[in-house]
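Asker: Take this structure, written in structure tokens, and hold onto it; I'll ask about it next.
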Amino acid sequence: MARLFYSGINVAFTTYRPDIDGLRAIAVLTVMIFHFNSQWLPGGFIGVDIFFVISGYIITRILYVDVKKDNFSFSLFYAKRIKRILPLFYLVSVTTLVVSWFLLTPDDLVRLADSLRYASVFIANTYFEKNVGYFAPAADTMPLLHMWSLSVEEQFYFVWPLLLFLSIRYMSSGHRKLFFILSLLVLIGISEYAARGGEASAYYLIHNRGSELLAGALLSMFVHDKREALFAREATLAIAGLVGALVLLSLFVFFDEGTVFPGFNALLVSVATAMVILNGELRKGVLYRFLSSRGLALIGRLSFSLYLWHWPVLVLYRYYFNGIDAVGYVACALLTFLLAFLSWRYFEKPLRYLNIRKKWVFIGYFILPVILLVMIAKDIKRHHGYENRMPERARHLYEISISSYDDIVKEFLADSRYLPFKLVPIGDDSLVPEAPKALLWGDSHAGHFRSFVEELGLKNGFYSLYGGAGGCPPFIGVDLIKHGRPEAECTDTNNKLFEVIKQSESSVIFLAGRWAMYTETTRSEGEKGSRVFLGDSSDYSESLENSRRAFRVGMETTIQQLIANNKRPVLFEQAPSYPFLPSNCLIKKATYPWMKDENCDIDMASVTKRQAYANAVIEMLEEKYPELMVIRINDQICENGWCKSELQGVPLYRDDDHINDRGSRLLFDLYLQSDKYQHLREIVQP
């Protein structure tokens, strides 16, 4: 132990900081709580950002002195990083892959393999940035989703040592500090811009997260260069630490998934974390003693293992059991801690401190395992997730569940004047280049009714076109809003589509949407994604009441304008949404004999409750406007207190809320037998 003296203050200094392990413990526990149930700790996701700041601080603490003394070895640094990170990554990834082989459907296994391939070469964040959005699979089917943050750190490890080395070699101390401070400000601005634009890149990519890592790095350099001056202000450091801790506690509670993040709010997390870390340099005080307590410090040492294990454990549990309850939470928590401790004690630590030459570290810990994992991942994708591993009945259900209208190829395309409607004819494409009799307008729920409309068109000799965007209701005069501002892409798309509708010869306009998502402002339970709000120029506040008002006004205005332009509106009722993946449930029933009695349906009362406001608005408009016809899908899906996931042996759903191609066609066949079909037939007849 070295003894340091600053302005009469005697400070014991050791390399090891138990309080930082305690802070790691807080970070990993809050992330785990948030992932278990975001309602328990709405801002728990900022634990990842605390990790980023700590990483920037610790890595720079390791690098800074050696680089300044010209005693730094890039190869030694990377060898140590490889031994620290990769063995546990391999263990968690391979274990997840083995378990997933028995649980995941082929498409989900392919997605897992893809994410593993990207994670193995440190770019998992770019994979998830491109594949996690409105149309992406539910987070519950992505066991390695959390690897995005590990890739961000790994990319930082590639860039930062070289950047720090060059800055020390070629810049003066003053210029170096100015350069990095300006870089921090630029990165914050870039991050804020991306976050306010709702871009997935804001969450996943290094240039939008780099400010958090750089904040920790700057703190480390500042502490090293100004240590004597810092310790002359012991009271200030003590107060700063407590303030930082209180800020973090408040952010855990008051931040949520709707918060603009990262951007300026991530800077707030970074500053508060830095204040806590800085306080720990004193090696004393209430906060230091709390964070250094034996229990927290132990959890902190396990934090990397806990972080890597908790998400696949949680995802695979939910995937198998179609959800999670109190017993499941306890089971997942216990299993996570058990796996974390065992892997840390008997795998991570021994391999980390194994005394072997650097070249064997690069070969045995990095090159060979990465090549092997990439080859395995590519093999899984090449064989389409090995469908043959499933029983014949399960494979049949799976093939139906993934059926999509997008897989259909048409011989002719419609006139380009109908853009931005998709030019793929829905129905009788032999009638092209005649004008489409009907147009289908809406969000992705309109997209899943294309097969229904196609069967209707084939039966009645017409074709139609589909236009719209995911998560964008087919309304004019109303905006999808985020952070108090209209989402221009949705509004512009709807305005363009409506102009085409007005000028077209099409006499029938089908409207479809995930109506309850807009009136309740929430998605299905467990579904990844922020809340969804509507507004208009009179009020852009993000609230349930305003969204319902805007929904009511938007739907009525749209129907009024369609009728005024001699169009006949036909509106689809929303299909039920599930808190789990119903087709996957059916596939598991067909795979595992002990699950044959599993209920894969959803309680009709919960569907009715969720859709109550939207359906009340639709019924009001149906009564007010005789020209409006409503196709009530739930009459075919729901009966005897349950809404079905399967009809006549056909699974209806592709995911938690979208109907698959075969299911949509079956719903038309059932509608054909109802007494409402004749009315619809009269509307669409040429």
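Asker: Among the residues of region 542-567 satisfying the criterion of being in contact with a Ser or Thr (Cβ under 9 Å, 6 or more places away or on another chain) and surrounded by fewer than 17 Cβ atoms within 10 Å (Cβ to Cβ), which is nearest to His679 (Cα to Cα)?
Answerer: Asn566
Asker: Considering each of Phe156, Phe128, Phe135 in turn, give the residue that is in contact with a helix residue (DSSP H, G or I) (Cβ under 8 Å, 6 or more places away or on another chain), over 17 Å from Met375 (Cα atoms), modelled with pLDDT under 95 and part of a helix (DSSP H, G or I).
Answerer: Result: Phe128 is the single residue among Phe156, Phe128, Phe135 that is in contact with a helix residue (DSSP H, G or I) (Cβ under 8 Å, 6 or more places away or on another chain), over 17 Å from Met375 (Cα atoms), modelled with pLDDT under 95 and part of a helix (DSSP H, G or I).
Asker: Of Ile206, Ile168, Ile190, which residue is under 17 Å from Ile50 (Cα atoms), of a type in the set (Val, Ile, Thr) and assigned by TED's automatic domain parsing to the domain that holds Phe72?
Answerer: Values: Ile168 fails: under 17 Å from Ile50 (Cα atoms); Ile190 fails: under 17 Å from Ile50 (Cα atoms).
Answer to the selection: Ile206.
Asker: Of the conditions (1) assigned to a helix (DSSP H, G or I); (2) under 33 Å from the mean Cα position of the chain (by Cα); (3) aromatic (Phe, Trp, Tyr), Phe290 satisfies every one except a single condition; which number is it?
Answerer: The single condition Phe290 does not satisfy is (2).
Asker: Pull out all pairs, ordered by first then second residue, where Cβ-Cβ is under 8 Å, the residues are six or more apart or on different chains, the first lies in region 419-434 and is within 17 Å of Phe452 (Cα to Cα), and the second is among the small types (Gly, Ala, Ser) and outside any loop (DSSP other than H, G, I, E, B).
Answerer: Going by the 8 Å Cβ cut-off, the qualifying pairs are Lys422/Gly467; Pro425/Ser464; Ile426/Gly457; Ile426/Ser464; Gly427/Gly457; Gly427/Ser464; Asp428/Gly457.
Asker: In region 449-553, which helices (runs of 4 or more DSSP H) lie fully inside it and hold 1 or more residues that are closer than 26 Å to Val260 by Cβ, under 22 Å from the mean Cα position of the chain (by Cα) and touching a residue at least 40 places away in the same chain (Cβ under 8 Å)?
Answerer: By residue number, 515-520.
Asker: Filtering region 596-625 down to residues that are part of a helix (DSSP H, G or I) and of a type in the set (Ser, Thr, Tyr), which residue is farthest from Ser524 (Cα to Cα)?
Answerer: The selected residue is Tyr613.
Asker: Criterion first (within 30 Å of Ile683 (Cβ to Cβ), touching a Ser or Thr at 6+ places or on another chain (Cβ under 8 Å) and not in a loop (DSSP other than H, G, I, E, B)) does Val570 satisfy it?
Answerer: no
Asker: Determine, yes or no, whether Ile426 is under 33 Å from the mean Cα position of the chain (by Cα) and closer than 21 Å to Leu672 by Cβ.
Answerer: For Ile426, the condition - under 33 Å from the mean Cα position of the chain (by Cα) and closer than 21 Å to Leu672 by Cβ - is met.
Asker: Here are some conditions: (1) part of a helix (DSSP H, G or I); (2) closer than 16 Å to Phe45 by Cβ. Ile239 meets all but one. Which one does it not meet?
Answerer: Tallying (1) part of a helix (DSSP H, G or I); (2) closer than 16 Å to Phe45 by Cβ, Ile239 fails exactly one: (2).
Asker: Could you say which residue among Gly300, Gly280 is touching a Lys or Arg at 6+ places or on another chain (Cβ under 7 Å) and at pLDDT 95 or above?
Answerer: Going through Gly300, Gly280 in turn, the sole match is Gly300.
Asker: Then there's this: Going through region 585-621 one residue at a time, which ones are closer than 30 Å to Arg568 by Cβ and crowded, with 16+ Cβ neighbours inside 10 Å?
Answerer: Hits for region 585-621 are Val607, Arg610, Gln611, Tyr613, Ala614, Asn615, Val617, Ile618, Leu621.
Asker: Step by step: first the residues of region 651-686, then only those that are within 21 Å of Tyr463 (Cα to Cα) and polar (S, T, N, Q), then the one that is nearest to the chain's Cα centre (by Cα). Which residue is that?
Answerer: Looking at residues that are within 21 Å of Tyr463 (Cα to Cα) and polar (S, T, N, Q), I get Asn660.
Asker: Shifting gears a bit: So Lys609 ticks every box in (1) touching a residue at least 40 places away in the same chain (Cβ under 8 Å); (2) over 25 Å from the mean Cα position of the chain (by Cα) but one. Which box is left unticked?
Answerer: (1)
Asker: If Asp635 satisfies every condition in (1) surrounded by fewer than 17 Cβ atoms within 10 Å (Cβ to Cβ); (2) within 27 Å of the chain's Cα centre (by Cα); (3) of a type in the set (D, E, K, R) but one, which is the exception?
Answerer: Here Asp635 meets the rest and fails (2).
Asker: Search region 254-303 for residues being crowded, with 17+ Cβ neighbours inside 10 Å and aromatic (Phe, Trp, Tyr), and hand back the single one that is nearest to Met221 (Cα to Cα).
Answerer: By that ranking, first place goes to Tyr288.
Asker: What single numbered condition from (1) within 16 Å of Arg654 (Cα to Cα); (2) of a type in the set (Gly, Ala, Ser); (3) modelled with pLDDT under 95 fails to hold for Ala414?
Answerer: (1)
The values are calculated or read from the model by the stated rules, or taken from the named source; none is laboratory data. This one's a predicted model, so the numbers in the text were calculated from it and none came from an experiment. Methodologically, a virtual Cβ is constructed for each residue, glycine included, from the backbone with ideal geometry; neighbour enumeration extends over all protein chains shown.
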